[in-house]
């Protein structure tokens, strides 16, 4: 979360207020790994997507409404004076992932989808409307999985239950066994991987590539917040990220200074092809083509999108 316009003292007071309104229940998640996180951001992002007109009221919680109202002055200031805010990155990352998923389904009509840490995202609901036959499953922590399942079944009685598992344990293996190994699979995460340090992120990526070795292909779509090396408020963004790390009880951090660093990281985790999309180029009119990996550079965007592919001989 990027709170560009306040002093460090005001940012601290704001996060303290958020913390007082975000009492995390632990009775259902004590058995999960230490790398879990249930964050107020899930409620915030869910409500922002509803405000943007791409979601359903069932995914808009009272907590999300409170947070959106609380943070509106900060976000508005950032959009006017800095050119970006958390909610602008929410729109960018969600649209890029959605468009890539649509393209993959057009190329592979039998494509299966697993979205991990789904939160209150409307994506599964939206895609079931467009592609009624799609096998689209979602995964989250027990508390959020229960909330999301209840919301989905309010608007679609046939919506499958949201799965729950510790993605850093053997429980993840069981999730992949629920899919047809004769068809390609896409794994999606949004607003997740910056909550892990690079060591844990590497473990997660290796867990995915190892579990999909018997599928013909796996595509991984995700957003990622790179290091803000080309932002004039980089130091302040780092300070805000440390507060978010404390508030979400996670290892939140920025990853990678260049597209090349990201590509090498995902290749080391077992992916064959890695493409990085940056909003300045992706949303340009007309859309600009990505340069070669060697020539690509950090354009200064707050968020990127990753499309990593692993193809198997099965």
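The values are calculated or read from the model by the stated rules, or taken from the named source; none is laboratory data. Small disclaimer: the values here were computed from a predicted structure and weren't measured. Here the Cβ is made from the backbone with ideal geometry for all residues, glycine too, and neighbour counts use every protein chain on show.
Below are the figures for this structure:
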item	result
Scan of the range 61-79 for residues that are touching a residue at least 24 places away in the same chain (Cβ under 8 Å) and under 16 Å from residue 148 (Cα atoms), ordered by number	61, 63, 64
Residues satisfying the stated conditions in the range 279-292, i.e. buried (at least 16 other Cβ atoms within 10 Å of the Cβ) and in contact (Cβ under 8 Å) with a residue 40 or more places away in the chain	279, 282
Residue tally, condition touching a strand residue (DSSP E or B) at 6+ places or on another chain (Cβ under 7 Å), at pLDDT 95 or above and part of a loop (DSSP other than H, G, I, E, B), over the range 179-201	5
Sole residue being assigned to a loop (DSSP other than H, G, I, E, B), at pLDDT 85 or above and closer than 21 Å to residue 100 by Cβ, chosen from 256, 266	256
Residue in the range 110-119 that is touching a residue at least 40 places away in the same chain (Cβ under 8 Å), more than 22 Å from residue 223 (Cβ to Cβ) and touching a strand residue (DSSP E or B) at 6+ places or on another chain (Cβ under 9 Å) present	yes
Test: residue 206 is touching a residue at least 60 places away in the same chain (Cβ under 8 Å), more than 22 Å from residue 271 (Cβ to Cβ) and in a helix (DSSP H, G or I)	no
Filter result for residue 276 (modelled with pLDDT of 95 or more and either crowded, with 21+ Cβ neighbours inside 10 Å or closer than 21 Å to residue 189 by Cβ (or both))	yes
Some residue of the range 91-98 being buried (at least 21 other Cβ atoms within 10 Å of the Cβ), touching a strand residue (DSSP E or B) at 6+ places or on another chain (Cβ under 6 Å) and closer than 14 Å to residue 187 by Cβ	yes
Qualifying positions in the range 76-98 - more than 19 Å from residue 48 (Cα to Cα) and assigned to a helix (DSSP H, G or I)	81
Some residue of the range 125-138 being closer than 28 Å to residue 299 by Cα, touching a strand residue (DSSP E or B) at 6+ places or on another chain (Cβ under 9 Å) and crowded, with 20+ Cβ neighbours inside 10 Å	no
Failed item, numbered, when residue 55 is tested on (1) buried (at least 22 other Cβ atoms within 10 Å of the Cβ); (2) at pLDDT below 90; (3) part of a loop (DSSP other than H, G, I, E, B)	(2)
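Condition check ((1) surrounded by 20 or more Cβ atoms within 10 Å (Cβ to Cβ); (2) part of a helix (DSSP H, G or I)) across all residues:
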| site | (1), (2) |
| --- | --- |
| 63 | no, yes |
| 67 | yes, yes |
| 74 | yes, yes |
| 104 | no, yes |
| 118 | yes, no |
| 160 | no, no |
